[in-house]
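Asker: Have a look at this one.
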Amino acid sequence: MPTTAPARQRKKSSSVRRDDEAPIIPILARKVREVEAKAQKNKLGPTNRVKFQVIAFLVREERARVKEDSQLSDSARAELLKRLDGVATILAKTAARDTSLIQLLEADQATSPVAKRMRRDWLLDAGVELAPEELVIDDAKPAVAEPAVPVVASERAVRPAQVDARIESNPFLAPDPARYAPVDHPRRRLDGWELMGPLYKAFAQGSGGGSATMPLPDVPEFDRLSPRGLEIMPHQSRFLEAVREGHRRFLLADEPGLGKTAQSVLAASVASAYPLLVVVPNVVKMNWAREVERWTPQRRATVIMGDGKDVDAFADVFIINYEILDRHLGWLAEIGLRGMVVDEAHFIKNLTSQRSQNVLALSQRVSETAPGGDPLLMALTGTPLINDVEDFDAIWRFLGWADGTKPGPELMDRLEETGYTPADKAFYPAARQAVIDLGIVRRRKKDVARDLPDKLVADMPVQLDDEFGRSIAQAERELATRLADRYKRIIEARGDRGLAAGEIDEDIVHLVAMGELEESRAAGTDGDNVFSMVRRIGQGKAQLAADYAVQLQRSVGKVVFFAKHVDVMDQAERQFREAGVKSVSIRGEQSSTARQQAIDAFNDDAEVGIAVCSLTAAGVGVNLQAASNVVLAELSWTAAEQTQAIDRVHRIGQDEPVTAWRIIAAHTIDQKIAELIDRKEGLALRALDGVQTDDEGTESVQLAALKSLLRDALGA
C-alpha cells in the first residue's frame, strides 16, 4: 500500500555543513563506506545491494544537477564533482570485489519500493524539498499468477501412480478465496523505514543478550506423547506444549544431539499436520523414516526415491532429499500438505541455488493451500549461521517472517508494538526479541541436559617430515611467493600512495587473495592452489591419523574417524585392516540401507571398533554415540561442519566424556585453518546465545587463510 515519509520534521545531520552547496554528498559518502565495509567481508545481502544501487543513481542525479547549477562558481563546481567522483570510485572498487554488483550500476532510477523509500529518506535527511508525488511510495505489486513450481522443476517432474487417487479422495483441497483477499492495513509508524538491515544488526550484535529462545510453557505433569518404552526429555516436552497451544512456525535451532528429529515428529502429531513433508539431506532419509515409526508408530512414512515409483501416496509423512525435490514439486504441491519440515535448513541459505528456490516455492504453496490454514512449518538446524547473520534470510522466508526486503505482517505488527524505530537504541534488543518470539527455539546442551558430559576438542600436531611432507611444504612456499609477487606488481603499478615502510595495503591483500580463491575454485584440486594443497595435507596426515585412531581404539574402545576425501578414507581403512581392527564405512555414495546397516553395526556390534566417516556424508543426522572419542583426520572449511561431526557422538544418551582429537599438520596452512575455524564459532555465539565475543570478520575460511599466507610472505 502507499507509504509516505514520517510526518515529523527531519533535521539535517550534524555532520552536514550548513553552507554546503550539496548536502546529499556527505550522506552518500557515509553510505558508500558502509557498503564497502560489507563487501570487504565478502557478504552483501539484499539491503546493501539496494543501498549500492540507490547510491549509484543519486551520484548520477547529483552530478547532473551540479553541472547545470548556474549559481555555482567554477571552483565550487569542480570541488563538488571531485567529491562525487570519490564516491563513484568507491562504488567501482566495490563492484570489482563483487562482480554481481556491476549490473546495479546500470540502473538509471529507483524501481523497487524499497529503493524509492531509501532515496526519499536520504534526500529528506539532506534537506531537499521533494515534490508531493515523490513523498508517496506505492508498495502494491501487479497481480501476476505465478506457477506453483519453478519452470525448471516442471521439466524434470515425475508423478507417482497413486497420487491422483489420493487427490481425488480428499474433499478438502479446494483453496478458500477469502484467505487471499487483500487486507487494507492502516498507515503504520514503521512503514517508511528500511527494517531488514536493523533486524540483522540486532542479531549480529547479540542485542539484549541471552539465548534466542521464545517463551515456552512449563513442563506438563504427565508425558502423554511418548509411545510405550520411550520418554521425551523436559526441554522437548516444553517445545511440544508450545505446539499444543497453537504455535505453528519454528526455527528449531537446538544444538546438535538434543533430539530435533523426535521433537519434529511429535510436533506433527500434536498439530495433526498430516500429510507432512520432510525435506532432508540424502544421508538421513532412512533415519527419519525410522524416527517416525519409533515416535509415532500409528503413522506411515514413505521415503521418496528418484523416480517415485514406490511412493505410498496415502502415507502420513513424505520424506525426500534436497537433490530430487525438483522432480516431485508438482504433485507435492497438490496433495494438501498440512506441514513441512526442512532438516539441516542451513542448506537453503544460498537463495540463488535451485535447492533453495524449490524449498521456498513449495513452502509458499503449502502456506497458501493447507486445508484449514496455518500449516506447521519447521526449519531445523543446529548451525543456522555459517558465515553471516544474513544466512537467516532464506529461513525467515521459508517461515513467512520476511520476504527478503521487508518483515512479514506478523513480524511488522510485533515491531510496531515495541514503540521504537531503528533510530532508537532500544529498538535493537526489542526487535531481536520480536523475531525470537515468532518461534526461534535455541537450547544448549549445558542448559537442558545437565547430565550430558562436556566435550573437548584436543589438537594433535603432527610433523610431515617425509618426502611427501616436504613436497607439501615446498608447494605452500610457492603459493605464498606467487601471492606476494602479484601483490608487489600491483603496488609497483599504482605507486605506494604514502604507505609507510613495512605497511601493507589490506585492500590489495584482499584483491590478490580473492583472485587466487576464484582461480582455485575454478581449478578444484587440479594444479597448485589452496584446495589441492589442503587435500595433499590430508593425504599426508592419513597414515598418522589412522595410526593414532588404532592406538586410541585399543585403549578406549570404539572410535569415530572422520575424513573429507575418499582417498584418505581408503588409506585409513587399509591400515585398520592391517592392524586387525574391524571397521565400517559411512560414505556419500552408499544407499540409505547400506548406510544404516553400517551405523547399526558400529553401535551394536562389539567387534566393530572404528567407524570411518565422510565429513560431508556422515556429519548430519547420524547417531554414533556408542563411541566417546572422535578423530578428525582432515579439517573442514567451516566450524559448523566440524561441530556437526563431533555431535554425532556428543548426544543425548552419551554417558561418557567426549573428546575430539583434531590431527593438525604442524607448520603448514593446516594450523591457520584450524585457528580460523575456531574463531568462526563466535558469530553463532553472539547471534544465538547472546555471548559477548571478539568481532571476527565473516569472510570465508579459504579467503582468510590465503590472506594470512600472503601477509606472512610479506613479513607482516
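Bear in mind these aren't lab numbers, they're just calculated from the coordinates by the rules spelled out. Since this is a predicted model, take the numbers as computed values, not measurements. Cβ atoms come from the backbone with ideal geometry, glycine included; neighbour counts cover every protein chain shown.
Asker: Going down the list Lys82/Lys707; Lys680/Lys707; Lys260/Lys455; Lys425/Lys707, which pairs span over 25 Å between their C-alpha atoms?
Answerer: On the way: Lys82/Lys707 33 Å; Lys680/Lys707 16 Å; Lys260/Lys455 20 Å; Lys425/Lys707 35 Å.
In this structure, Lys82/Lys707; Lys425/Lys707 lie more than 25 Å apart at Cα.
Asker: Highest mean first, how do 574-583, 190-199 rank when packing is the count of other Cβ atoms within 10 Å averaged over residues?
Answerer: So the peptides 574-583, 190-199, ranked by packing, come out 190-199, 574-583.
Asker: Check cross-link reach from Lys38 to the lysines: straight Cα distance under 16 Å, and skip same-chain residues fewer than eight apart.
Answerer: Lys51, Lys93, Lys201
Asker: With only alpha-carbon atoms counted, please give the Rg and Dmax of region 336-485, in Å.
Answerer: 22.7, 68
Asker: Arrange the following residues from fewest to most other Cβ atoms within 10 Å of their Cβ: Val270, Val163.
Answerer: Val270, Val163
Asker: Related question: What FRET efficiency comes out for the pair Asp403/Asp447, r = Cβ-Cβ distance, R0 = 30 Å, nearest 0.05?
Answerer: After rounding, the FRET efficiency stands at 0.35.
Asker: Stretched out fully, how many nm does the piece from Ser70 to Asp570 gain, at 0.36 nm a residue minus the Cα gap? Mind showing how you got there, number by number?
Answerer: Values: separation 500, 0.36 × 500 = 180.00 nm, distance 7.71 nm.
Net length gain for the segment: 172.3 nm.
Asker: Same structure again: Counting only other residues whose beta carbon sits under 14 Å from that of Leu377, what net charge do I get with K and R as +1, D and E as -1?
Answerer: Neighbourhood net charge equals +1.
Asker: Say R0 is 35 Å: what FRET efficiency, to the nearest 0.05, do Leu130 and Arg97 get from their beta-carbon distance?
Answerer: 0.60
Asker: If I model a spin label as a point 7 Å beyond the Cα along the Cα-Cβ vector, how far apart are those points for Arg188 and Ser353 in nm?
Answerer: 3.1
Asker: Tell me the label-point distance for the pair Gln298, Gln671, using the 7 Å Cα-to-Cβ offset, in nm and rounded to one decimal.
Answerer: 6.1
Asker: If each residue of separation counts as 0.36 nm, what is the full-extension length gain between Ser112 and Asp307 once their alpha-carbon separation is subtracted?
Answerer: Roughly 66.1 nm would be gained on extension.
Asker: Hey, another quick one. Using a/c under 1.5 as the rounded threshold, could you call region 195-335 rounded, prolate or oblate? The axes a ≥ b ≥ c are square roots of the C-alpha gyration tensor eigenvalues, and prolate needs a/b larger than b/c, oblate otherwise.
Answerer: The shape class here is oblate.
Asker: If you take the beta carbon distance between Arg489 and Thr421 as r and set R0 to 45 Å, what does 1/(1 + (r/R0)^6) give as a FRET efficiency, to the nearest 0.05?
Answerer: With a Förster radius of 45 Å, E is 0.35.
Asker: Work through the residues other than Asn623 whose Cβ is under 9 Å from its Cβ and net out their charges, Lys, Arg +1 and Asp, Glu -1.
Answerer: Computed value for this residue: +2.
Asker: Let me ask another. Provide the net charge surrounding Pro461, with neighbours chosen by a C-beta distance below 11 Å and charges set as Lys +1, Arg +1, Asp -1, Glu -1.
Answerer: 0
Asker: Taking a point 7 angstrom from the Cα of Gln551 along the C-beta vector, which residues in region 597-615 have backbone N less than 15 Å away?
Answerer: none
Asker: Give me the extension gain from Ala157 to Glu368: residue separation times 0.36 nm, minus the current Cα-Cα distance, reported in nm with one decimal.
Answerer: 73.8 nm is the gain from fully extending Ala157 to Glu368.
Asker: Using a 10 Å cut-off around each Cβ, can you sort Glu641, Glu79 from fewest to most neighbouring Cβ atoms?
Answerer: Working: Glu641 19, Glu79 15.
Starting with the residue having the fewest Cβ neighbours, the order is Glu79, Glu641.
Asker: OK, next. If I model region 542-698 as equal point scatterers sitting on the Cα atoms and use the Debye formula, what is log10 I(q)/I(0) at q = 0.09 Å⁻¹?
Answerer: Those come out to -0.29, one per q.
Asker: Students often check this: by mean Cβ neighbours within 10 Å, which of 512-518, 86-92 ranks highest, and how do the rest follow?
Answerer: Result, highest mean first: 512-518, 86-92.
Asker: While we're here: Under 17 Å Cα to Cα from Lys541, which aspartates and glutamates show up? Leave out anything in the same chain fewer than 8 places away.
Answerer: Asp459, Asp465, Asp466, Glu467, Glu476, Asp567, Asp570, Glu573, Glu634, Asp670
Asker: Using the count of nearby Cβ atoms within 10 Å as a rough guide to exposure, how do Met460, Met569, Met214 rank from fewest to most?
Answerer: Starting with the residue having the fewest Cβ neighbours, the order is Met460, Met214, Met569.
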